[in-house]
Amino acid sequence: MKYRPLVVASDGVRAMMESALTARDRVGVQDFVLLENYTSEASFIENLRKRFKENLIYTYIGSVLVSVNPYKDLEIYTKNHMERYRGVNFYEVSPHIYAVADNAYRSMRTERKDQCILISGESGAGKTEASKKILQYYAVTCPASEHVQTIKDRLLQSNPVLEAFGNAKTLRNDNSSRFGKYMDIQFDFKGAPVGGHIINYLLEKSRVVHQNHGERNFHIFYQLIEGGEEDRLRHLGLERNPQQYQYLVKGNCPKVSSINDRSDWKVVRKALNVIGFNEDEVEELLNIIASVLHLGNVQYGGEEGTVCITSDTQIKYLARLLGVNGTVLTEALTHKKIIAKGEELMSPLNLEQASSARDALAKAVYGRTFTWLVNKINTSLSYKDDSSKHFSVIGLLDIYGFEVFQNNSFEQFCINYCNEKLQQLFIELTLKSEQEEYEAEGITWEPVQYFNNKIICDLVEEKFKGIISILDEECLRPGDASDNTFLEKLEDTVGGHPHFVTHKLADGKTRKIMGRDEFRLLHYAGEVNYNVNGFLDKNNDLLFRNLKEVMCMSENKILTQCFDREELSDKKRPDTAATQFKASLAKLMEILMSKEPSYVRCIKPNDSKQAARFDEVLIRHQVKYLGLMENLRVRRAGFAYRRRYEIFLQRYKSLCPETWPNWQGKLSDGVSTLVKHLGYKPEEYKLGRSKIFIRFPKTLFATEDALET
Ligand code: ATP
Ligand code: MG
């Protein structure tokens, strides 16, 4: 490299500058903050489109990574790529998930601060793939010893196991995660991964007993049926045909072209071994999976009031696989124990009640086994070296994005509430870190206008008058409480809230646009109508007492850990689903607040899972719901670009005779000399303690172009 004097653009130079510009025209800018028209959604999407067309799926907004699912394998995840990003400054290489991973890792090492990487986006946008890429990056690039290798293997192998039990084929994604996941990776002082810990959120248990058309139950059921060894299936009383099982036929979708259940079964079996399951544990686990299928095939008949189970084959299998007494189980599946005047009575269930008791048992058994599985993985990942508990942590959050469907229920309510909380965190942490950076650099903070969604979080979670409290109140109220009385209570209590709407207007008239059984929340990302049907049941999530009692008597070693006898003696009702979720989110916020965040925002390019299709309407929707324009606005409110002095000098020193080949004095003086030579006007930039801040992208582009000429 040699010193290049700045020339007033002659025709030849201009032509060269134009060719550089053409490249930018073709592939767009790799950081949205460099968009000239940064408030325009159209330019934002145009930039995404240009890059997507060139297979450039990653783009930054400052340090936030935006990723568009390519729906095809790109050659960008090789070991060479990992090496390219290792230890290299964020901005010196093109945007990549590895850059985010590496940056978090280096910050953790050099600043000794725990990190977290928050991945969000709607179903099918690529969150789980992104989190797996990050994990692989650490597994390959971090130092290893024999013990560390075991942990690395277990960290990697926890994925196929959790996906088998927690993922399913949905209309949106063939491998959709039906639970939220936060995973800590723990590193020792040498930077080697030595342990891990997983927290799971809100598994979609209803899928165990029902699937929509074109969807499936959790993968594990099909894997076991398709891949399980002959004698194992015989022992479990299973046939090699998923269509035999009521819990697998609802979606009418036994096979998926992108999924090979048989080979996935082998992967899962191996992964269970790596995690440390012994053969007995595998057997106990599969006994439970099989018993869920048998439960689904329990059919009821008989007259109203004398409901009975029509075939006892299933009960025989269930008794053996669950390790319970068949007669007691049969009674519990057909009767409800009530305590009246201190006396226990068995009251017969009607057909509908019996079916829902059976389904409740299947959901409880599966849901609790899933939690057990996560605990088991945690034990296997736990940091064994007690002599020094000091480790640093990188947390990975792979959690459901905002959901807006035709019909939104309790699940969407919880998921969208979760996203409101994450947005709160984002606001606090991003604005805080912007502000801190300005302060650290001695630059005056310029306040940024933004919408603070705390008002919506409060509406949902406030004690006594928030939506969750009102829902719980209705769940606990004996008598005529129903989904409708819940809605009425909402209207009475939060009816006047600016972010809450129902069909009722203040003057007693009604709005036509909304159903009578709906309420609408004006979320930070947009409006969502929720249908209240099923809210009370889903929030109660009750299992009849006598079913609990049967399960507490189980001889299956996993189930004895899932159904604790103490639960029976406990007079206090267990917390409702929403309250538990609220508490687990509060804990999650605490965990995340104590860490330095990085963000990955995933976008799904089309609804048909096709490569190279950029559906603009769908993408615009996601840009809105992910809050990307607001994100960009906040990031651009002050300065578009900032760089450490040494990096800035290194890159541009050839443009000024006084800084070339090496500047000997103070770095800030060097940068000052350089930018004055380049003709920067005082309003275009500021010099902080260690960084230069440039207000407009065009200033930087001119300098970049000068470099190209
Ligand atoms: P959900 O919320 O339903 O769990 P998700 O955001 O986790 O969705 P993924 O399962 O990560 O979505 O991605 C869906 C599918 O998209 C993957 O199975 C894969 O086929 C494809 N995909 C995602 N990311 C990439 C990528 N970086 N490269 C190639 N294909 C990808
Ligand atoms: Mg996923």
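The values are calculated or read from the model by the stated rules, or taken from the named source; none is laboratory data. The shown structure was predicted, so the numbers you read here are calculated from the model rather than taken from an experiment. Cβ atoms come from the backbone with ideal geometry, glycine included; neighbour counts cover every protein chain shown. For accessibility, only protein heavy atoms count, side chains too; no ligands or nucleic acids. Shrake-Rupley method; radii C 1.70, N 1.55, O 1.52, S 1.80 Å.
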Show me the trypsin sites (Lys or Arg not before Pro) within segment 579-684 that DSSP assigns to loop and that have at most 16 other Cβ atoms within 10 Å of their Cβ. K609, R613, K666
Take every Cα-Cα distance within segment 421-569, group them into 5 Å bins from 0 onward, and report for each bin the whole-number percent of pairs it holds. 2, 8, 13, 13, 12, 10, 9, 10, 9, 6, 4, 2, 1, 0
For the chain, whose charge dipole is built from +1 on Lys and Arg Cβ atoms and -1 on Asp and Glu Cβ atoms, the candidate among S584, N252, A612 with its Cα farthest towards the positive end is A612
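Taking every pair of Cα atoms in segment 480-538, average 1/r, invert it to obtain the Kirkwood radius, and report Rg/Rh to two decimals. Walk me through the intermediate numbers first.
Working: Rg = 11.3 Å, Rh = 11.9 Å.
Result for segment 480-538 is an Rg/Rh of 0.95.
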Cα point-scatterer Debye curve for segment 566-630, base-10 log of I(q)/I(0) at q = 0.28 Å⁻¹: -1.10
What is the spread of the Cα atoms of segment 564-603 along each of their three principal axes, largest first, in whole Å? 45, 26, 16
Square roots of five times the Cα gyration tensor eigenvalues for segment 156-294, Å: 27, 19, 13
With everything on Cα atoms, drop me the angle between helix 279-296 and the longest principal axis of the chain, reported from 0 to 90° to the nearest 10. 70 degrees
Taking every pair of alpha-carbon atoms in segment 399-473, give the share separated by more than 19 Å as a whole percent. 51 percent
Roughly how many debye, to the nearest 20, is the charge dipole of the chain about its Cα centre, given +1 on each Lys and Arg Cβ, -1 on each Asp and Glu Cβ, and no other charges? 1700 debye
Under 5 Å between amide hydrogens, which residues at least 5 positions from I117 or on another chain qualify, with H placed 1.01 Å from N in the peptide plane? G395, L396, L397, S598
Accessible area (Å², per residue) of segment 580-642, counting only protein heavy atoms and a probe of 1.4 Å: 39 Å²
Just to be sure I follow: if Rg is taken over the C-alpha atoms of segment 254-391 and Rh is the Kirkwood radius over the same atoms, what is Rg/Rh? 1.11
Using the alpha carbons of segment 505-662, what is the convex hull volume per residue in cubic angstrom, as a whole number? 342 Å³
Residue among I151, V161, I225 farthest towards the positive dipole end of the chain, charges placed on Cβ: I151
Give me the dipole magnitude in Debye, nearest 20, for segment 88-242 about the Cα centre, with unit charges on the beta carbon: positive for Lys and Arg, negative for Asp and Glu. 280 debye
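Send over the per residue convex hull volume for segment 446-494, Cα only, as a whole number of Å³. Intermediate values should be presented prior to the final figure.
Numbers: hull volume 3.6 nm³, N = 49.
So the per-residue hull volume is 73 Å³.
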Quick one, what does Rg over Rh come out to for the chain if you take C-alpha atoms and the Kirkwood Rh? 1.02
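Which of the peptides 57-70, 401-414 is most tightly packed, and how do the rest follow, judged by the mean count of other Cβ atoms within 10 Å per residue?
Final packing ranking: 57-70, 401-414.
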Check each of the trypsin sites (Lys or Arg not before Pro) in segment 229-332 and keep only those in coil by DSSP with at most 15 other C-beta atoms within 10 angstrom; list them in order. R240, K255
Any idea which of Y85, Y71, V100 is furthest toward the positive side of the dipole for segment 49-105, if Lys and Arg beta-carbons carry +1 and Asp and Glu beta-carbons -1? Y71
Collect residues whose amide H, placed 1.01 Å from N in the peptide plane, falls under 5 Å from the amide H of V66; neighbours closer than 5 in sequence don't count. T59, Y60, I61, R601
Counting alpha carbon pairs within less than 8 Å and at least 6 residues apart, what relative contact order, in whole percent, applies to the chain? 20 percent
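Percent of alpha carbon pairs in segment 275-317 separated by more than 17 Å? Please list the in-between numbers first.
Numbers: 439 of 903 pairs.
Summing the P(r) of segment 275-317 above 17 Å gives 49 percent of all pairs.
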When you count, for each residue, the other Cβ atoms within 10 Å and take the mean per peptide, how do 210-216, 135-141 rank with the highest first? 135-141, 210-216
Restricting the count to DSSP beta bridges whose residues both fall in the chain, what percent are antiparallel, rounded to a multiple of 5? 75 percent
Share of the chain's accessible area from carbon and sulfur, percent, 1.4 Å? 50 percent
What is the P(r) of segment 76-186, as percent of Cα-Cα pairs per 10 Å bin from 0? 12, 41, 35, 11, 0
Of the cross-linked pairs K432/K587; K421/K604; K113/K666; K676/K698, which ones have a Cα-Cα span greater than 25 Å in the structure shown? K113/K666
I'd like to know how segment 249-329 sits against the 2.2 N^0.38 Å rule of thumb: what's its Cα Rg over that expected value? 1.45
Rounded to the nearest 10, the angle in degrees between the Cα long axis of helix 483-494 and the longest principal axis of the Cα atoms of the chain comes to 40 degrees
Eigenvalues of the alpha-carbon gyration tensor of segment 587-709, times 5 and square-rooted, give semi-axes in Å, largest first, of 37, 20, 14
What does the charge count near Y680 come to, summing +1 for each Lys or Arg and -1 for each Asp or Glu among other residues with Cβ under 11 Å from its Cβ? +2
Name the shape class, rounded, prolate or oblate, that the alpha-carbon gyration tensor gives for segment 527-595, where a ≥ b ≥ c are the square roots of its eigenvalues, rounded holds for a/c under 1.5, and otherwise prolate holds if a/b is larger than b/c and oblate otherwise. oblate
So if I average 1/r over every pair of distinct C-alpha atoms in segment 107-166 and take the inverse, what Kirkwood radius in Å does that give? 13.3 Å
Any trypsin sites (Lys or Arg not before Pro) in segment 428-517 that lie in a DSSP loop and have at most 15 other Cβ atoms within 10 Å would be K463, K465, K509, R511, K512, R516
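Using the C-alpha atoms of segment 48-133, what convex hull volume per residue, in cubic angstrom, is computed?
On the way: hull volume 9.3 nm³, N = 86.
Normalising the Cα hull of segment 48-133 by residue number yields 108 Å³.
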For segment 586-706, the dipole about the Cα centre with charges only on Cβ (Lys and Arg +1, Asp and Glu -1), to the nearest 20 debye, works out at 260 debye
Nearest 500 deg cm²/dmol is fine: what mean residue ellipticity at 222 nm does the chain get from its DSSP H runs of n ≥ 4 alone, each adding -39,500 (n - 2.57), divided by its residue count? -15000 deg cm²/dmol
